[in-house]
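Nothing in this text is a laboratory measurement; each read-out follows from the coordinates by a stated rule. Since the structure is predicted, the reported quantities are computational estimates derived from the model, not experimental observations. Cβ sites come from the backbone with ideal geometry, for glycine too, and all protein chains shown count toward neighbours.
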Amino acid sequence: MSLMQDIEEGFKKALKTQDKMRLSALRLLRAALKNKEIERRGKLENPEIISVIKGMIRQGKEAVEQFEKGGRTDLSEKEKAEIEIFSGFLPVQATPLEIEETIDQIILELKASGIKDMGKVMKSAMARLAGRAEGQTIQAIVKQRLSSA
């Protein structure tokens with residue numbers, strides 16, 4: 001089942017159970033995805049949907065920070081609940097050990113010998129770990145591994 005179908009199923013379930021918080025969050029997510037589809041002029045693939053969800057989580061975290069600075073704990077709690085709902089649609093995050101093992105395997109496969117091969121390793125690593133690890137984390141590990149190679 002695609003991620004878009006999972007989101008639609010979650011929306012239908014929230015409608016049936018009258019879960020107002022979940023329904024509100026999923027309406028926001030569906031609107032953002034629809035806007036992205038219109039912008040792109042086509043259906044979204046899972047990596048693009050993940051990107052939209054991560055963007056919404058990032059915005060939510062920034063909003064939580066602002067609301068807490070302003071003493072609006074009610075709005076802060078609402079944003080935190082939305083972030084939790086959005087996070088439920090993301091793939092399971094890779095552990096640091098899994099990331100390191102994947103990068104080591106890629107380095108061996110590509111026979112990367114130094115920092116000059118970073119681009120090739122990063123391209124392959126980002127493809128294999130798409131949605132499961134942050135780009136900055138992957139980059140730091142790749143740089144460390146290739147520097148010591």
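Before moving on, here are some points about what is shown:
- Average Cα contact separation per residue, the chain, under 8 Å, 6 or more apart, as relative contact order %: 20 percent
- Among 87-93, 57-63, the peptide with the highest mean count of other Cβ atoms within 10 Å heads the list, and the full ranking is 57-63, 87-93.
- Around the Cα centre of segment 96-147, unit charges on the Cβ atoms of Lys, Arg, Asp and Glu (plus for the first two, minus for the last two) sum to a dipole of about 260 debye.
- A simple packing score, the average count of other Cβ atoms within 10 Å per residue, orders the peptides 135-146, 33-44 as 135-146, 33-44, with the highest score first.
- Residues of type lysines that LYS34 reaches as a straight line, Cα spacing below 25 Å, ignoring anything fewer than 8 places off in the same chain: LYS12, LYS13, LYS16, LYS20, LYS43, LYS54, LYS61, LYS78, LYS80
- Magnitude of the charge dipole for the chain, about its Cα centre and with charges confined to Cβ atoms of Lys, Arg (+1) and Asp, Glu (-1), is about 480 debye.
- Span from the segment 12-87 Cα centroid across to the segment 108-141 one, whole angstrom: 29 Å
- Full-stretch length increase - LEU110, ARG40 - with 0.36 nm per residue and alpha-carbon distance subtracted: 21.9 nm
- Taking a straight line from the alpha carbon of LYS123, these lysines sit under 16 Å away, with near neighbours fewer than eight places off in the same chain left out: LYS111, LYS143.
- Semi-axis lengths, Å, segment 3-87, gyration tensor of Cα atoms, sqrt of 5 times eigenvalues: 24, 17, 9
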